[in-house]
Amino acid sequence: MPQSDGGYVSLTGGPQSVYNSTTEPQSASKSVMETVKRVIGTAIGAQDKHALIERDGAQPYIISSRDRDKTGKTANNRMPSAPAHTAEEARLLGTMPMDPMDDIELRSVQMQYPNQRGSIVGQCDLRRVPTDKGDILVAVQGDTTKPGIVTYHDLGLNYASSFAGFFNFPSMRALLDNFCVYHVNAPGQEEGAPTFPEDYVYPTFDELASQLLFVMSHFNLKTIIGLGVGAGANILARFALAHPDKVGALCLINCSSTAAGWIEWGYQLLNSRNLRTKGMTQSVMDYLMWHHFGRNPEERNLDLVQLYKSNFERSINPVNLAMFIDSYIKRTDLNIARTPSGTPQTAASLKMPVLNITGALSPHIDDTVTFNGRLAPEKTNWMKISDCGLVLEEQPGKLAEAFRLFLQGEGYVYIFYQIQRKYKNRQIITTSSFANHHPIKDTHLALFSYSY
């Protein structure tokens, strides 16, 4: 009698001769074979858990459904002494229905890459901006009629490798509807940049900060919001100190406000020499990985580490990077200090709101703490994001949320108030119209639900 999963009992005699035709050679009519196939197919659909098989007159033994694979064949759990099925059995088993799960077809499946890195290049309009120290590359992303965000990258990176993943994060893409981003590249750091001649004098960090004036003039920007990482954060801080009326707010990641220490100076000087003479060596790459990620980044995200190593090897001109590193280790102190409350202002300080961010695994935590201690507490927020060294890549969601709330608190995001009325639908109003009736301070985070 047929059983589940393709098993059956071979009968050697008796009145049920119709089943004998399944194991004995015969020349039955086509209609009989069709009947047998239908009977076997119906029996296979039953939910019995075992099947009996008789081989060469031996005692039948039980084969559980778990001992069969999806094709209905017996799993090779033990060495058989003879073929599992005769030719006739194989022919019949081949006509049996397969496992219903094998017939499932996935349709309308789309792969999404919210952090796709290369897509930012196609979204940007590349411009060469002339300055007093030569042309620099600026990648413009967004509508130039919107408020401007100026970004500046860190050592060994450029606008594409530093900010592509972050600005393609879903939260940031939604925020970009209200802003235009100007990605500034340090001289010679863009991909495919020609090598500077030997007599080229690379700009100092103060001169790199002064180049931002040419960028603002070129794009007719009155004020900007700064977003910088590492060396780029230091450059934006210098520009904000020199031109406080042109910077509305700063978001600085791993910013150092002091001159280079002896250990940093020694390592970076060695890296600069290796880059000039040998190119991107393993020691230089290891230092850059530590500079960006901290210790043991392979244990957190191996794919991201391999991506950055590939970028250091292929995308950066080593001679130009050596010049940028020389300028970085020769940076001067920002000479800023926090003035105690109630005392006259005796030292320079950043007058605009500052969001000072670092990662819990970053090697620059102490630098950000020192920087935070030199800023006015009422205009500064220090944030340490857990489980990351390179915040832009390892925790883009948390950084995007912090950046969005920071801009909302400063009144730069147009739509973020929701008013719930008891008998009406929700309405969205702008900050300007809301402020006419409900004035708030600049330091408040304006993300709340207001109901009547």
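The values are calculated or read from the model by the stated rules, or taken from the named source; none is laboratory data. This structure is a prediction, so every number in the text was calculated from the model and none was measured. Backbone-built Cβ (ideal geometry, glycine too); neighbour counts: all protein chains shown. Keep in mind that these areas ignore ligands, DNA and RNA; they rest on the heavy atoms of the full protein, side chains included. Shrake-Rupley method; radii C 1.70, N 1.55, O 1.52, S 1.80 Å.
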Just checking: which of the helices (runs of 4 or more DSSP H) contained wholly in the range 361-409 hold 3 or more residues that are crowded, with 20+ Cβ neighbours inside 10 Å and under 25 Å from the mean Cα position of the chain (by Cα)?
391-394, 396-409
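One residue is enough: does the range 148-159 have a residue meeting the conditions small (Gly, Ala, Ser) and buried (at least 24 other Cβ atoms within 10 Å of the Cβ)?
Within the range 148-159, one or more residues are small (Gly, Ala, Ser) and buried (at least 24 other Cβ atoms within 10 Å of the Cβ).
In this structure, does Ile316 turn out to be surrounded by 15 or more Cβ atoms within 10 Å (Cβ to Cβ), more than 18 Å from Leu250 (Cβ to Cβ) and out of contact with any Phe, Trp or Tyr (no Cβ under 7 Å at 6 or more places or on another chain)? Can you show your working first?
Working: surrounded by 15 or more Cβ atoms within 10 Å (Cβ to Cβ): yes; more than 18 Å from Leu250 (Cβ to Cβ): yes; out of contact with any Phe, Trp or Tyr (no Cβ under 7 Å at 6 or more places or on another chain): yes.
So Ile316 passes the test.
Would you check if there is a residue in the range 253-263 being part of a helix (DSSP H, G or I), touching a strand residue (DSSP E or B) at 6+ places or on another chain (Cβ under 6 Å) and open to solvent by less than 60 Å² (accessible area, probe 1.4 Å)? Spell out the reasoning first.
Taking the range 253-263 first, the residues part of a helix (DSSP H, G or I) are 262-263.
Going one step further and asking which of them are touching a strand residue (DSSP E or B) at 6+ places or on another chain (Cβ under 6 Å), we end up with none.
No, every residue in the range 253-263 fails to be part of a helix (DSSP H, G or I), touching a strand residue (DSSP E or B) at 6+ places or on another chain (Cβ under 6 Å) and open to solvent by less than 60 Å² (accessible area, probe 1.4 Å).
Return yes when Gly232 is open to solvent by less than 60 Å² (accessible area, probe 1.4 Å), in contact (Cβ under 8 Å) with a residue 12 or more places away in the chain and touching a helix residue (DSSP H, G or I) at 6+ places or on another chain (Cβ under 6 Å) and no when it is not. I'd like the intermediate steps shown before the answer.
Details: open to solvent by less than 60 Å² (accessible area, probe 1.4 Å): yes; in contact (Cβ under 8 Å) with a residue 12 or more places away in the chain: yes; touching a helix residue (DSSP H, G or I) at 6+ places or on another chain (Cβ under 6 Å): no.
Judged against the criteria, Gly232 is not a match.
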So for the range 171-186 (the condition being surrounded by fewer than 19 Cβ atoms within 10 Å (Cβ to Cβ) and of a type in the set (Val, Ile, Thr)), does at least one residue qualify?
no
